[in-house]
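**Student:** Sharing a structure, written as structure tokens. Questions coming.
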Amino acid sequence: MEDVGVGIVGLGNVGSGTLTILAENAGQITLKLGFRLCVKIVSSLDADTRTLPEALGAVERTLDWRRVTTHPGVDIVAELVGGTTVAREILETAIGHGKSVVTANKELMGLHGPDLWDKAIQAGVNVAMEASVAGGIPIHAVLREGISGDRVEALYGILNGTSNFILTEMEKRGEALEAVLAEAQRLGYAEADPSADIDGFDARSKLAILSALAFGERITPSDIYTEGIRRISQMDFQYAHRLGHTIRLLAAARLTRAGLVLSVRPALIPQSTILASVRGSYNAVWVKGHYGEDTFYYGRGAGPRPTGVAVVSDLMRVAREIRYGNPERVSPFAHERLGEYDPIPVTRQTRAYYLRFRVVDRPGIIAALAGILAEKHISLDAVLQLPCEDKKAVPFVITVEPSSEQAVREAVAKMSGLDFLIEPPLAMPMETGL
Ligand SMILES: NC(=O)c1ccc[n+]([C@@H]2O[C@H](COP(=O)([O-])OP(=O)(O)OC[C@H]3O[C@@H](n4cnc5c(N)ncnc54)[C@H](OP(=O)(O)O)[C@@H]3O)[C@@H](O)[C@H]2O)c1
């Protein structure tokens, strides 16, 4: 059967991993497909000086991505550039020229994925994006096909490997976030500007995509309540452990009576849950289905090879479609049409909370804080204080019984004005019901 032609734009981490797999694993790929995937042309800003795997044979190179999207021998274009401007142009131009597209771009697909899919339907081509969330975990395939017969009630994820690496190293080594982050940057695990990872924006884009697949709603990432991990300190792990918990940056989507509640934020999770054992740069997704109940997916969230596997597998799926024909294509969002998401504020939820304070020690502090909690009808559960020498910055923790998040926020805002606090209280939900 005739080869399927592939063009690749972007030869960075993911692009080079993809090329390596296409070259080294060509035999297996051909056996599985019954025809060859043939890389015809590649593009990057330094494509002219790049060393490409020899096994790929003769491959054209260009600095101009438009030559890839218009190349007559290319059936599928892989966009592995990132960002939302050039990448969007690449996908739109490729689709406009009747090419199917494969992308690893969560940011772009989170923002414009449904529009791109509409364009692809009109052009009669496909869009595949397995690599865009949780790199090496085939979670799109699971939600789109594997468990599409179920009704998803909740989805929890550890979706950002960098922040999970930082949190779990802090936990293991007892070091401050800044020290672990600096080391992660030195080792190349974290970007020079770590904001997308540690402020939760990367996980937010991924949650928007997964929630669209799981719940059929078109979600604007900025509608997702998002908090990062910057304020977590090593002492929070000590307190969390005392409470039988640990801390993770948790991406959560829950179908409630009011609607779909979405959040990305650090949370205390029981040490006994399967999510607590997700360490280092690994990712995990836990799906709770109405009929099939719990399923759990775990693997590398990033890296040239795990992400490259996702890209190559997408290329194979789309190539099969091209060669064997499949008019009933499944939307990359798992739903024929996405509904418009009506954001439900997280403040409508009821949660137990962990409140951590640092104060200048003096009598009456607990009474003042307890007074504010009582005023907001919040029941105090426990007060914990680990030994501390420095009387000018004494940490302690109050946990509260499940309470309305709105009330907890109002209490925290009022507490923040108290003169004995040396910083605003740190409030984290305790996800005891996972
Ligand atoms: N890194 C991961 O593990 C991972 C995991 C999952 C998803 N992703 C996603 O995969 C995508 C790529 O990430 P990456 O880590 O591979 O990025 P990267 O290492 O920065 O690579 C980007 C590539 O795009 C090329 N490029 C930039 N502008 C271009 C243009 N105008 N025309 C042609 N090529 C251009 C760059 O060329 P030069 O090298 O010549 O500058 C580089 O080869 C992003 O959407 C990212 O979110 C990455």
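The values are calculated or read from the model by the stated rules, or taken from the named source; none is laboratory data. Since the model is a prediction, treat every value here as computed from it, not as a measurement. A quick note on method: Cβ atoms are made from the backbone with ideal geometry, for glycine too, and the neighbour counts reach across all protein chains shown. Ligands, DNA and RNA are stripped out before the accessible areas are found, and what is left, the full protein with its side chains, is counted by its heavy atoms. Shrake-Rupley method; radii C 1.70, N 1.55, O 1.52, S 1.80 Å.
**Student:** Quick one: net charge around N25, please, counting Lys, Arg +1 and Asp, Glu -1 for every other residue with C-beta under 13 Å from its C-beta.
**Tutor:** Values: positive: K32, R36, R305; negative: E24.
Combined, the nearby Lys, Arg, Asp and Glu give +2.
**Student:** With +1 assigned to the C-beta of every Lys and Arg and -1 to the C-beta of every Asp and Glu, and no other charges, what is the dipole magnitude of the stretch 319-434 about the Cα centre in debye, to the nearest 20?
**Tutor:** That gives the stretch 319-434 a dipole magnitude of about 180 debye.
**Student:** Could you pull out every residue, at least 5 positions away or on a different chain, whose amide H is within less than 5 Å of the one on S100? Hs are placed 1.01 Å off N in the peptide plane, and Pro or chain starts have none.
**Tutor:** V77, N126
**Student:** So what is the relative contact order for the stretch 297-434, in percent, with contacts set as C-alpha pairs under 8 Å and at least six apart?
**Tutor:** 30 percent
**Student:** What angle do you read, to the nearest 10 degrees and between 0 and 90, between the alpha-carbon axis of helix 365-375 and the longest principal axis of the chain?
**Tutor:** Its long axis makes an angle of about 70 degrees.
**Student:** Out of S263, S100, S277, any idea which swings most in a Gaussian network model of the chain, alpha carbons joined below 10 Å?
**Tutor:** Fluctuation is largest for S277.
**Student:** May I ask you to evaluate 6.51 cos²θ - 1.76 cosθ + 1.60, the Karplus curve with θ = phi - 60°, for each residue of the stretch 420-430 and list the ³J(HN,Hα) values in order in whole Hz, giving x for glycine and proline?
**Tutor:** So the Karplus estimates, Gly and Pro as x, are 8, 7, 9, 7, x, x, 9, 10, 9, x, 9 Hz.
**Student:** Roughly how many debye, to the nearest 20, is the charge dipole of the stretch 139-300 about its Cα centre, given +1 on each Lys and Arg Cβ, -1 on each Asp and Glu Cβ, and no other charges?
**Tutor:** Numbers: 18 positive and 19 negative charges, 58 e Å.
The calculated dipole for the stretch 139-300 is roughly 280 debye.
**Student:** Hey, can you grab everything whose amide H is under 5 Å from the amide H of Y225? Only 5+ residues off in sequence or another chain; H modelled, so Pro and N-termini drop out.
**Tutor:** L262, V264
**Student:** Go through I365, H377, F396 and say which Cα lies farthest out towards the positive end of the charge dipole of the stretch 359-427; charges sit on Cβ, +1 for Lys and Arg, -1 for Asp and Glu.
**Tutor:** My answer, from the dipole projection, is I365.
**Student:** Also, quick follow-up: By the scheme Lys and Arg +1, Asp and Glu -1, what is the net charge of all other residues having a beta-carbon under 15 Å from that of V309? Write out the running numbers ahead of the final one.
**Tutor:** Numbers: positive: K32, R300, R305, R317; negative: E24, E130, D314.
In short, +1.
**Student:** Helix 304-324 sits at what angle to the longest principal axis of the chain, using alpha carbons and giving 0 to 90 degrees rounded to 10?
**Tutor:** 50 degrees
**Student:** Please compute the per residue accessible area over the stretch 319-434 with all protein chains in place, 1.4 Å probe, rounded to a whole number of Å².
**Tutor:** 52 Å²
**Student:** Rank L207, L177, L167 by mean-square fluctuation in a GNM of the chain with C-alpha springs under 10 angstrom and give only the top-ranked residue.
**Tutor:** Maximum fluctuation in the GNM of the chain, among the listed residues, is at L177.
**Student:** Note down the relative contact order for the stretch 349-430 as a percent, whole number, built from C-alpha pairs under 8 angstrom at least six residues apart. Walk me through the numbers on the way to the answer.
**Tutor:** Details: 148 pairs, mean separation 40.9, N = 82.
It rounds to 50 percent for the stretch 349-430.
**Student:** Through the Karplus equation 6.51 cos²θ - 1.76 cosθ + 1.60, θ set to phi - 60°, convert the phi angles of the stretch 114-123 into ³J(HN,Hα) values in whole Hz; use x for Gly and Pro.
**Tutor:** x, 5, 5, 5, 4, 5, 5, 4, 4, 7
**Student:** Give the relative contact order (percent, whole number) for the chain; include only Cα pairs under 8 Å separated by 6+ residues.
**Tutor:** Dividing the mean separation by the residue count of the chain yields 16 percent.
**Student:** Next question. Write down the Å³ per residue value for the convex hull defined by the alpha carbon atoms of the stretch 300-434.
**Tutor:** Per residue, the Cα convex hull of the stretch 300-434 comes to 188 Å³.
**Student:** Which entries in K206/K391; K206/K392; K172/K288; K288/K376; K32/K172; K106/K288 show an alpha-carbon gap greater than 31 Å?
**Tutor:** In this structure, K206/K391; K206/K392; K288/K376; K32/K172 lie more than 31 Å apart at Cα.
**Student:** Also: Between 0 and 90 degrees, rounded to the nearest ten: what's the tilt of helix 201-215 against the longest Cα principal axis of the chain?
**Tutor:** 70 degrees
**Student:** In whole Hz and in residue order, list the ³J(HN,Hα) couplings for the stretch 216-233 that follow from phi through the Karplus curve 6.51 cos²θ - 1.76 cosθ + 1.60, θ = phi - 60°; x for Gly and Pro.
**Tutor:** Once rounded to whole Hz, the list reads x, 10, 8, 10, 7, x, 5, 7, 8, 5, 9, 10, x, 9, 4, 8, 6, 10.
**Student:** Let me ask something additional. Which value, in Å², gives the accessible area per residue of the stretch 139-300 when a 1.4 Å probe is used on the protein heavy atoms?
**Tutor:** 38 Å²
**Student:** Something else: Show the residues, 5+ positions off or on another chain, whose built amide H is closer than 5 Å to the amide H of G292.
**Tutor:** R151
**Student:** Carbon and sulfur atoms: what percent of the 1.4 Å accessible area of the chain do they account for? Let's see the in-between values first.
**Tutor:** Details: 9120 of 18390 Å².
Result for the chain: 50 percent of the exposed heavy-atom area is carbon or sulfur.
**Student:** Find out how many positive minus negative residues lie around Q238, taking Lys and Arg as positive, Asp and Glu as negative, among other residues whose Cβ is under 12 Å from that of Q238.
**Tutor:** Working: positive: R242, R356; negative: E171, D236.
In short, 0.
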